[in-house]
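J.: Can you read through this structure? Questions will come right after.
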Amino acid sequence: MKRELTERGVTFDERAIDYGHQFRLGSGEVVNVYDSRKVHVAGKGTALRTELAELFGSTSPAAGSAATAGNVFVVNGHDAGAKDALEAMLRRWGLNPIILDQEAASGLTLIEKLDKSVADASYAVVLMTGDDLARIKGDTDAQLVPRARQNVVRELGIFLGRLGRAQLAILYERGVELPSDIHGVEYLPFEKKIEEKKLELAKAMANAGFDIDLKTV
């Protein structure tokens, strides 16, 4: 990637990220190159972004598609207050939050609506709140642990596979049980209100290529 950008005369800053390197281009694009050789192109929907995505086989649905660049899918459970706060926050940043139960059915089943929304999003924020209580089966002495709804866990897996770790953040209520086999994802714990982590979320999304003015967050 470094050689390709240099030969094109593109200015860039390089930094290490989890499991790879990130190139932030002077023209606004962001390229994450992982040790697995997977390439993710994000940032401004320019011709260069499209060319790099095609050249390196980026799997991001946002690559080369200005239409999806500001679309952020909100994965949520039963905490309507937290969902509404997150939606308002994203809109203040000039982004377009996609919330499944607000999307028109258009004759689609629920899973078809989800498939369409996944294709339309360039980033996902997973909101994990303690909507359920659970413990290991048979261990009657164990305490019940707060856990996110099963649909939240399922959609987390869907977006992780579709977008990759760099295009996903998990906002979770402290004390909620977290997936044990997911590393390299942005985990942001909050105590009472998601606004506690607004700056950290904005920084994570800016690093993923979103044009967010951190001074106004």
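The values are calculated or read from the model by the stated rules, or taken from the named source; none is laboratory data. For clarity, every value in this text was computed on a predicted model and none was experimentally measured. FYI the Cβ positions are ideal-geometry reconstructions off the backbone, even for glycines, and counts take in every protein chain you see. Accessible surface areas use protein heavy atoms only, side chains included; no ligands, DNA or RNA. Shrake-Rupley method; radii C 1.70, N 1.55, O 1.52, S 1.80 Å.
J.: What size of dipole, in debye to the nearest 20, comes out for the chain about its Cα centre when the only charges are +1 on Lys and Arg C-beta atoms and -1 on Asp and Glu C-beta atoms?
T.: 320 debye
J.: For n ≥ 4 DSSP H runs only, could you compute -39500 (n - 2.57) per run for the chain, divide by its residues and tell me the 222 nm figure to the nearest 500?
T.: My calculation for the chain gives -9000 deg cm²/dmol from helical runs alone.
J.: Taking a quarter of the surface of the convex hull around the Cα atoms of the chain, what do you get in nm²? Walk me through the intermediate numbers first.
T.: Details: hull surface 54.0 nm².
Computed as one quarter of the Cα hull surface, the answer is 13.5 nm².
J.: Report, largest value first, the span of the C-alpha coordinates of segment 95-217 along each principal axis, in whole Å.
T.: Extents along the principal axes: 49, 42, 24 Å.
J.: How far is helix 80-92 tilted, in degrees, relative to the longest principal axis of the Cα atoms in the chain, given as a value from 0 to 90 rounded to the nearest 10?
T.: 20 degrees
J.: Once phi is turned into θ = phi - 60°, what whole-Hz ³J(HN,Hα) does the Karplus curve with 6.51, -1.76 and 1.60 give for every residue of segment 181-194, x standing for Gly and Pro?
T.: 10, 10, 10, x, 9, 6, 9, 10, x, 10, 8, 10, 10, 5
J.: Quick check: at a probe of 1.4 Å, how many percent of the accessible area of segment 73-217 sits on carbon and sulfur atoms?
T.: Working: 3650 of 7580 Å².
Ligands and nucleic acids excluded, carbon and sulfur give 48 percent.
J.: Given 10 °C and 1.306 mPa s, compute D for segment 106-167 with the Stokes-Einstein relation, Rh being the Kirkwood radius over Cα pairs; round to the nearest whole µm²/s.
T.: Calculated translational D: 116 µm²/s.
J.: Would you mind telling me the antiparallel percentage of the DSSP bridges in the chain, rounded to 5? Can you show the working numbers first?
T.: Details: 19 of 36 bridges.
Given both bridge residues lie in the chain, the antiparallel proportion sits at roughly 55 percent.
J.: Something else about it: So which residue, out of Tyr123, Tyr172, Tyr34, gets the largest mean-square fluctuation from a GNM of the chain using Cα contacts under 10 Å as springs?
T.: Between Tyr123, Tyr172, Tyr34, it is Tyr34 that shows the largest mean-square fluctuation.
J.: With a 1.4 Å probe and all protein chains left in place, how much accessible area per residue does the chain have, in Å²?
T.: On a per-residue basis, the chain sits at 52 Å².
J.: Taking Cα atoms, how many degrees apart are the long axis of helix 110-120 and the longest axis of the chain, rounded to 10 and kept between 0 and 90?
T.: Relative to the chain, helix 110-120 is tipped by roughly 30 degrees.
J.: Using only alpha carbon pairs under 8 Å that are at least six residues apart, calculate the relative contact order of segment 147-215 and give it in whole percent.
T.: RCO, segment 147-215: 27 percent.
J.: Measure nothing but the geometry: give the 0 to 90° angle between the long axis through the Cα atoms of 198-207 and the longest principal axis through the Cα atoms of the chain, rounded to 10°.
T.: For helix 198-207, the angle is close to 40 degrees.
J.: Count neighbours as other Cβ atoms within 10 Å of each site's Cβ, and list the GluC sites (Glu not before Pro) in segment 101-171 that are DSSP loop with at most 15 such neighbours.
T.: Glu103
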